[in-house]
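Take a look at the structure set out below.
The values are calculated or read from the model by the stated rules, or taken from the named source; none is laboratory data. The shown structure was predicted, so the numbers you read here are calculated from the model rather than taken from an experiment. When we count neighbours, we look across all protein chains shown, and the Cβ atoms used for this are built from the backbone with ideal geometry, even at glycine. Ligands, DNA and RNA are stripped out before the accessible areas are found, and what is left, the full protein with its side chains, is counted by its heavy atoms. Shrake-Rupley method; radii C 1.70, N 1.55, O 1.52, S 1.80 Å.
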Amino acid sequence: MDRLQHSAWQYVAEVLPPEELPMLAAHALVDGRDSPALRELAGLPRGSDETEIRELYVQALHELGIPLPDEEAAGRCLLARLAFGLAKGELSPKDVADRLSMTVAARTQEEARFLSVAADYSEWIGPDDLPGWENDLRTAAHSLTTSTDVGADIGVPSSRRD
């Protein structure tokens with residue numbers, strides 16, 4: 001899966017900030033993708049108008065024949081991305097809870113369990129309850145990663161700054 005195809009679900013799931021789209025377009029040009037809207041997007045400065053950036057991004061995908069997934073598919077990719085990130089140690093349990101920013105519909109029992117446990121997080125969760133919640137989330141993530149039809153190739157950028 002190339003970076004533009006990969007970015008489509010991230011865009012719909014709202015985990016790809018608009019200010020990153022011009023650089024994504026520049027990288028796609030280097031990768032050999034090309035279209036008028038992609039070139040125009042790649043030439044925009046990082047602080048450009050978000051509406052213009054979004055319109056050019058969607059137009060570039062259209063010109064290149066890359067469909068935008070529906071919200072359900074994007075949400076499922078987000079759940080899988082978070083579960084794989086937690087399972088690989090690239091995301092903390094709190095990172096997972098913080099990144100569930102959009103309304104996500106679960107299709108499978110494993111997705112529903114992972115989503116339910118992640119949604120149980122609160123900044124007011126007691127120190128005695130936190131390890132149990134983290135363990136439950138890791139267990140749900142493992143269950144999801146071993147059962148999902150959404151592949152691990154969707155990528156999980158690390159949030160840890162070592």
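The set of residues from region 62-87 being crowded, with 21+ Cβ neighbours inside 10 Å and within 20 Å of Leu29 (Cβ to Cβ) is empty.
Go through (1) open to solvent by 40 Å² or more (accessible area, probe 1.4 Å); (2) over 19 Å from Glu14 (Cα atoms); (3) modelled with pLDDT under 90 and name the single condition Thr148 misses. If we test Thr148 against (1) open to solvent by 40 Å² or more (accessible area, probe 1.4 Å); (2) over 19 Å from Glu14 (Cα atoms); (3) modelled with pLDDT under 90, just (1) comes out false. Only a single item in (1) part of a helix (DSSP H, G or I); (2) within 28 Å of Asp149 (Cα to Cα); (3) acidic (Asp, Glu) is not met by Glu14, and it is number (1). Within region 72-96, being part of a helix (DSSP H, G or I), without any contact (Cβ under 8 Å) to a residue 40 or more places away in the chain and of a type outside the set (Asp, Glu) holds for one residue alone: Lys94. If you check Leu61 against the conditions, is it at negative phi and free of Cβ contacts under 8 Å to residues at least 60 places away in the same chain? Judged against the criteria, Leu61 is a match. Looking only at region 117-145, residues that are in a helix (DSSP H, G or I) and either at pLDDT 90 or above or surrounded by 15 or more Cβ atoms within 10 Å (Cβ to Cβ) (or both) come to 18 in all. With the requirement that a residue be among the aliphatic types (A, V, I, L, M), farther than 18 Å from Asp149 by Cα and either more than 11 Å from the chain's Cα centre (by Cα) or modelled with pLDDT of 90 or more (or both), what does region 75-104 give you? If the condition is that a residue be among the aliphatic types (A, V, I, L, M), farther than 18 Å from Asp149 by Cα and either more than 11 Å from the chain's Cα centre (by Cα) or modelled with pLDDT of 90 or more (or both), then Leu91, Val96, Ala97 are the ones that fit. Among the residues of this structure, Val15 counts as one that is surrounded by 14 or more Cβ atoms within 10 Å (Cβ to Cβ) and at pLDDT below 90. (1) aliphatic (A, V, I, L, M); (2) touching a residue at least 60 places away in the same chain (Cβ under 8 Å); (3) assigned to a loop (DSSP other than H, G, I, E, B): which one isn't true of Leu100, the others all being true? Failing condition for Leu100: (2). Each residue in region 89-116 was checked for being open to solvent by less than 60 Å² (accessible area, probe 1.4 Å) and of a type in the set (Ser, Thr, Tyr), and 3 of them qualify.
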